[in-house]
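Student: One structure is given below, represented as structure tokens, and several questions about it will come after.
The values are calculated or read from the model by the stated rules, or taken from the named source; none is laboratory data. Computed from a predicted model, the values in this text were never measured in an experiment. Please note: Cβ atoms are built from the backbone with ideal geometry, for glycine as well, and neighbour counts cover all protein chains shown. Side chains are part of the model used for accessible areas, which takes the heavy atoms of the whole protein and leaves out ligands, DNA and RNA. Shrake-Rupley method; radii C 1.70, N 1.55, O 1.52, S 1.80 Å.
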Amino acid sequence: MHWLDGLIQGVLLGGLYAQYALGMALMFGVMRIVNLTHGDLMILLALTGISLAARFALGPWPVLVILVVLGAIIGLLLQRLVLDRVVGSDPLPSLIATFGLSMALQNAMLQFWSADTRSLGAGGIAQASFQIGSLFVGVLPLIVLLTATVLTGSLDATLRHTRFGRALRASSVDVEAAAMTGVNPKNVYAGATAIAVAILGFAAVFQSMRATVAPADGPFQLIYAFEAVIIGGMGSIWGAFLGAMVLGISQSIGFRIDPGFGILAGHLVFLLVLALRPQGLMGKV
Amino acid sequence: MNTPLLSTHGLVARYGDFQALYGIDFEIGKGEVVALIGANGAGKSTLLRSIIGLLRVAPEMVILDGRPVGGCRPHRMIADGVAIVPEGRRLFTGMSVEDNLRVAIDHARVTRNAAWTLEGIFALFPILREKRRVPVESLSGGQQQMVAIGRALLNQPRLLLCDEISLGLAPKVVREIYQSIPSISQSGTSIVLVEQDVGLAKSASDRLYCMLEGRTTLTGRSRDISREAIAEAYFGGSHALA
């Protein structure tokens, strides 16, 4: 029972990690853009949401709507003002630019919000749970997992079956050829980054409802997102979801072996996948 | 000829410090097939890249329908009815044949009576119907070229630019591909054929231009131009003397 509980908690934790990972799967996995501000943007959205909720006495769901819209706008600006200028065949400029931006964001947030950890009041839903046999399953983690599943399915279907999805896949393969087929790559990339950061709006709300956030937390979310995408396989949206599950389960089981071992267990499983199946679980060779 | 569909006027293009084209005057009328021949590095592909908007040129250097369009971005040119079969095919690997074609349908020129449909492409190249769900990189070279041509046609072009569509293909496949040229032309689409094979270019076109080191050295009706004149224009005067 102990281990089964670990497994279920791991899957639920994976639901949250999947929400970090989806935007990364789109930007790093499909577009091959390294965006080191990924985690910091989530923290920025979370802190903004917490402040808005406190200032205007908003519940978590109105905050969610605001953060998703705000995320889309931030993503659009990030692509237009920063990434468009540095993205090319050489990955180094985007790495350096977003590394600098990440530092600046973390310190700006520290200045504005201080180093305190904060969270978003979730009402009764944070404590609500139901019992299956002798296992307790939290309602909020279950909502997080369901949301992650729906988001993954929608994003995957968008990439496969829509005009935007085909244009994005084409641009990722050969941006010049896509332009020669009538695609405006700048618009497509701006749309994709907007979607990637908008999804972080979901992650921001659920992260700050389930746990706490502080200005310096971004790099952790960034690492989990990277690991989930790589475990799952570059370019695969459901792969990133699966990678997030693997990471969540590894950490959850690790915590049960030893409370200090949880995070490390996740990293070790990541390294193991990298060694044994470098293309990822669902990646094509 | 009355007003050309597209013309270039004193077109110059450079890659950084290297000047590739030195004042090209080129024109093509509605429904015409014009061949562009010349040795490697003569500037044929550069001319096509300048027309489609991959190289920045001054607006008045490229005139489409009497309007200056030089330097317009490629997606604007495609919307205006110029499409290209790029050198080396440049297909979207990892995507199915049908998805490759759909990208072009999604971004086609808006027109009331679209000349080309997916069915039309499958009628032109029946093998693609069989392979429609297959990843495009698993096709043979000739089949990939058919996808590249189909993709450009589905942009609903008034002018189709074909960059070395016979390159690297077996003679039988080249014949098969070139058999599609008359039916494309009959739909009213003008075609520019960049071609290394002079005989092929001559027989498939109404007019031809020969380029050498960034300049046009010969132009005229394809059937009137002698092989000797082409040889001289192709290799330059010094070679003809030797």
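Student: Using only the alpha carbons of the stretch A:87-157, what is the convex hull's orientation-averaged projected area in square nanometres?
Tutor: Working: hull surface 36.7 nm².
Answer in nm², one decimal: 9.2.
Student: Right, next: Between B:Val134 and A:Ile143, how many nm apart are label points set 7 Å from Cα along the C-beta direction?
Tutor: If labels sit at B:Val134 and A:Ile143, their model points lie 5.0 nm apart.
Student: Which three extents, in whole angstrom, do the alpha-carbon atoms of the stretch A:113-214 cover along their principal axes, largest first?
Tutor: Over the stretch A:113-214, Cα extents along the principal axes are 58, 41, 17 Å.
Student: Give me the percent of accessible area attributable to carbon and sulfur for the stretch B:1-53, probe 1.4 angstrom. Before the final figure, lay out each step's value.
Tutor: On the way: 1060 of 2150 Å².
Here it works out to 50 percent.
Student: Taking chain B as a Gaussian network, Cα atoms linked when under 10 Å apart, which of B:Gly81, B:Gly214, B:Gly120 shows the biggest mean-square fluctuation?
Tutor: Taking springs between Cα atoms under 10 Å, the residue moving most is B:Gly120.
Student: What is the calculated FRET efficiency for A:Leu272 to A:Asp116, with r their C-beta to C-beta distance and R₀ = 45 Å, to the nearest 0.05?
Tutor: Numbers: r = 37 Å, r/R0 = 0.81.
The formula returns an efficiency of 0.80 here.
Student: Over the residues of chain A, compute the C-alpha Rg and express it relative to 2.2 N^0.38 Å. Each step should come with its number before you reach the end.
Tutor: Working: Rg = 18.6 Å, N = 285, 2.2 N^0.38 = 18.8 Å.
This ratio for chain A stands at 0.99.
Student: Quick one: compute the contact order of chain A, relative version, from alpha carbon pairs under 8 angstrom and 6+ residues apart, as a percent.
Tutor: Values: 499 pairs, mean separation 106.5, N = 285.
For chain A, the relative contact order is 37 percent.
Student: A further question on this structure: At a Cα cut-off below 25 Å, give the lysines reachable from B:Lys131, other chains included and same-chain residues fewer than 8 away excluded.
Tutor: Filter leaves A:Lys284, B:Lys172.
Student: In vacuum, with every alpha carbon of the stretch B:1-111 counted as one equal point scatterer, what does the Debye formula give for log10 I(q)/I(0) at q = 0.14, 0.19, 0.20 Å⁻¹? Two decimals, please.
Tutor: -0.63, -1.08, -1.16
Student: Nothing charged except the Cβ atoms of Lys and Arg (+1) and of Asp and Glu (-1): what's the magnitude of the dipole of the stretch A:2-276 about its Cα centre? Round to the nearest 20 debye.
Tutor: Values: 12 positive and 11 negative charges, 107 e Å.
Dipole of the stretch A:2-276, to the nearest 20 debye: 520 debye.
Student: Would you kindly work out the equivalent ellipsoid of the stretch B:141-199 from its C-alpha gyration tensor and give its semi-axes, the square roots of five times the eigenvalues, largest first in whole Å?
Tutor: Working: eigenvalues 67, 32, 21 Å².
Each semi-axis is the square root of five times an eigenvalue, giving 18, 13, 10 Å.
Student: Running a GNM on chain B with Cα contacts under 10 Å, which residue among B:Val194, B:Val12, B:Val134 ends up with the highest mean-square fluctuation?
Tutor: Comparing B:Val194, B:Val12, B:Val134 in the GNM, the peak value goes to B:Val134.
Student: Do you know the relative contact order of the stretch A:167-285, to the nearest whole percent, from alpha carbon pairs under 8 angstrom that are 6+ apart?
Tutor: 18 percent
Student: Right, here's the next one. Heavy atoms only, probe 1.4 angstrom, no DNA, RNA or ligands counted: give me A:Trp61, A:Trp113 ranked by accessible area, highest first.
Tutor: Working: A:Trp61 110, A:Trp113 30 Å².
Correct descending sequence by accessible area is A:Trp61, A:Trp113.
Student: On to the next question. Which translational diffusion coefficient, to the nearest whole µm²/s, is obtained for the stretch B:108-221 from the Stokes-Einstein equation, given a Kirkwood hydrodynamic radius over C-alpha pairs, 4 °C and 1.567 mPa s? Mind dumping the intermediate values first?
Tutor: Working: Rh = 15.3 Å.
Rounded, D is 85 µm²/s.
Student: Something else: Inverting the mean 1/r over all pairs of different Cα atoms, compute the Kirkwood radius of the stretch B:58-123 and quote it in Å. Before the final figure, lay out each step's value.
Tutor: Working: mean 1/r = 0.0725 Å⁻¹.
Across the stretch B:58-123, the inverse of the average 1/r is 13.8 Å.
Student: In deg cm²/dmol, rounded to 500, what helix-only [θ] at 222 nm does chain A give when every DSSP H run of at least 4 residues adds -39500 (n - 2.57) and the total is split over its residues? Display every interim value, and only then the final one.
Tutor: Working: 11 runs with 198 residues, N = 285.
About -23500 deg cm²/dmol.
Student: With the contact rule set at Cα under 8 Å and sequence spacing of 6 or more, what percent relative contact order holds for chain B?
Tutor: Normalised by residue count, the contact order of chain B is 26 percent.
Student: Connecting C-alpha atoms closer than 10 Å in a GNM of chain A, tell me which of A:Gly138, A:Gly243, A:Gly124 has the biggest fluctuation.
Tutor: Of the options given, A:Gly124 has the highest mean-square fluctuation.
Student: Would you check the accessible area of A:Leu222, probe 1.4 Å, heavy atoms only, in square angstrom rounded to 10?
Tutor: Probe radius 1.4 Å; accessible area of A:Leu222 about 20 Å².
Student: Can I ask one more? Using every alpha carbon pair in the stretch A:188-285, what percent of pairs falls into each 10 Å bin from 0 up to the bin containing the largest distance?
Tutor: 16, 40, 35, 9, 1
Student: Report, in degrees rounded to the nearest 10, the 0 to 90 angle that the Cα long axis of helix B:141-153 makes with the longest principal axis of chain B.
Tutor: 90 degrees
Student: On a straight-distance basis, which lysines could pair with B:Lys202 in a cross-link, Cα separation under 17 angstrom, same-chain partners fewer than 8 positions away excluded?
Tutor: The reachable lysines, counting only those whose Cα sits under 17 Å from B:Lys202, are B:Lys44.
Student: With the Cα gyration tensor of the stretch B:170-214 in hand, give its eigenvalues times 5 under a square root as the equivalent ellipsoid semi-axes, listed largest first in whole angstrom. Write down the numbers at each step before the final one.
Tutor: Working: eigenvalues 73, 48, 12 Å².
Equivalent ellipsoid of the stretch B:170-214: 19, 16, 8 Å, largest first.
Student: Moving on. State to the nearest 20 debye the size of the charge dipole of the protein assembly as shown about its Cα centre, where the only charges are +1 on K and R beta carbons and -1 on D and E beta carbons. Don't jump to the answer; show the numbers that get you there.
Tutor: Details: 41 positive and 35 negative charges, 150 e Å.
With Lys and Arg at +1 and Asp and Glu at -1, about 720 debye.
Student: OK, next. In deg cm²/dmol and to the nearest 500, what is the mean residue ellipticity at 222 nm of chain B if only DSSP H runs of at least 4 residues count, each as -39500 (n - 2.57), divided by the residue total? Let's see the in-between values first.
Tutor: Values: 11 runs with 85 residues, N = 242.
Taking each H run of at least 4 residues, the total per residue is -9500 deg cm²/dmol.
Student: May I ask for the Kirkwood hydrodynamic radius of the protein assembly as shown, worked out over all distinct Cα pairs and given in angstroms to one decimal? Numbers along the way, then the final one.
Tutor: Values: mean 1/r = 0.0386 Å⁻¹.
After inverting the pairwise mean of 1/r, the radius is 25.9 Å.
Student: Could you work out Rg/(2.2 N^0.38 Å) for the stretch A:53-121, with Rg from alpha carbons only?
Tutor: Numbers: Rg = 15.7 Å, N = 69, 2.2 N^0.38 = 11.0 Å.
Relative to the 2.2 N^0.38 Å estimate, the stretch A:53-121 comes out at 1.43.
Student: Give, in whole angstrom and from largest to smallest, the semi-axes √(5λ) of the equivalent ellipsoid of chain B, with λ running over the eigenvalues of the Cα gyration tensor. Intermediate results must be reported in sequence, preceding the final value.
Tutor: Numbers: eigenvalues 162, 88, 56 Å².
Semi-axes, largest first: 28, 21, 17 Å.
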